[in-house]
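Working notes for the structure below.
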Amino acid sequence: MRTGIHFKTSGMLYLGFLLFVGVAAMNSQNNLLFWLLGVLTAGLVISMIASTWMLRGIRVRRLDPHHGSVGQPLMVRYEVRNKRKIFPAFDLQINEIAANGPLAWQERMPPTAAWVMHSGPKETVHGEAVFWPTARGEAQFDRLRISTRFPFGILERSMIIRQPQHTLIYPETHPLQHRVLNALVPPTLIGTRVTHHASGHDDYYGLHEYRQGDSLRHISWKRTAQFDKMICVDRTMPMPSRLRVVLDLGFPERSAQSLSDADRDLCEMAISLAASVIRAAHNAGYEIGLDVPGSQMPSTSIRGGHWHEQKLLATLAGIDTALVTPSQAKVMLRDVERAGLLVIHVGDHDPAARREDAVYLHARQLPNLIERKSADAPKASSAFTGASRRARVALP
């Protein structure tokens, strides 16, 4: 914890005027100027004492920031606690100090500040700073500064607190057209499966003898009376659509170290397209899996739920495009998954490496897939139209 005093523009002007009045009073020996000099000096002394006393007993803690998304506001909250028993605190401003390293927060979002107008004695208040992330990835916070210019705004007294923390910035997502998901997952892949959860809308599937852990609501009392042992009912429920997203960020013709800025922008567009598909599929109730060949990210199984979606978006946020190796091998996936297959790529795919039951989208097609409100929205490219027809081929 380190404190300091800073003179801003208003403080420098005040000091300049104080010096001017002092010189004029000494030269003219005018009593009015001496009175004015005394008032100005008293204001400076009061500002120094009041601002110093204002920060005594103030404790600031950055609350654990939630993840953010590119283009969406990220709320960072601060807990300000006044430990003094009598005196309140006014005009408290909290700023994040720039961190060091490639994962520093200022590399992901522009600076901003939180402001607390008043904190009473023995009171705990909260301030919020709204960041607008501009790049995905991990953002590390290190030190924060709390400052005040109370009461006259002449000088600024600040206190620096070190509190290392980090958060994750997800890729930018866009609302996709409704027909995109219908093209990615053929209707023939939707079926039924057995459920052990009671529901009045599920279809009858079969019977089984009572096992430990079965709910009493599943017991068929008529069959139990007939066989003189506990019999439970198996029911089926509709199986949600399943989709596996394969994100291929490799350029077969060159290495990751030789990529230009345009190539890296293309990789970011592909990551944004994958994140948009995952977000749209989750909102539609799909089960999703993700593969990033050529990277260090592990393959994720096809599952559903909010936490699984967050896991996939976190995987996309952690991709380092500089470490992705070229990948031109044919996508080898488990056919037993019975899932739609989407391959998002940035380079040119060899026709021999394509799968007939997969949809191939290039990163440049993202603008054509975004849902637009205007009536003159551009139509999807012919490549996507052909991929849509191939997507309706049933998987084995």
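Listed values for the range 130-135 are Karplus-derived 3J(HN,Hα) couplings in whole Hz (6.51 cos²θ - 1.76 cosθ + 1.60, θ = phi - 60°), namely 9, 9, 10, x, 10, 8, and x replaces Gly and Pro. For A113, the residues whose amide H sits under 5 Å from its own are V130, ignoring neighbours fewer than 5 places away on the same chain, with H placed 1.01 Å from N. Under a 5 Å amide H cut-off, with hydrogens placed 1.01 Å from N, E138 pairs with I169 among residues at least 5 apart or on other chains. Annotation: extensible slack from T112 through S10 equals 34.6 nm (criterion: 0.36 nm per residue apart, minus Cα-Cα distance). If you sort Y14, Y210 by accessible surface, 1.4 Å probe, largest first, the order is Y210, Y14.
Rounded, prolate or oblate: pick one for the range 16-93, where a ≥ b ≥ c are the square roots of the eigenvalues of its C-alpha gyration tensor, a/c under 1.5 means rounded, and failing that, prolate if a/b is larger than b/c, else oblate. Since a/c reaches 1.5 but b/c is at least a/b, the shape of the range 16-93 is classed as oblate.
Of the peptides 283-289, 121-127, 98-104, the order by per-residue mean of other Cβ atoms within 10 Å, starting with the highest, comes out as 283-289, 121-127, 98-104.
The values are calculated or read from the model by the stated rules, or taken from the named source; none is laboratory data. Source: prediction; values computed, not measured. A quick note on method: Cβ atoms are made from the backbone with ideal geometry, for glycine too, and the neighbour counts reach across all protein chains shown. Only protein heavy atoms, including side chains, enter the accessible area calculation; ligands, DNA and RNA are left aside. Shrake-Rupley method; radii C 1.70, N 1.55, O 1.52, S 1.80 Å.
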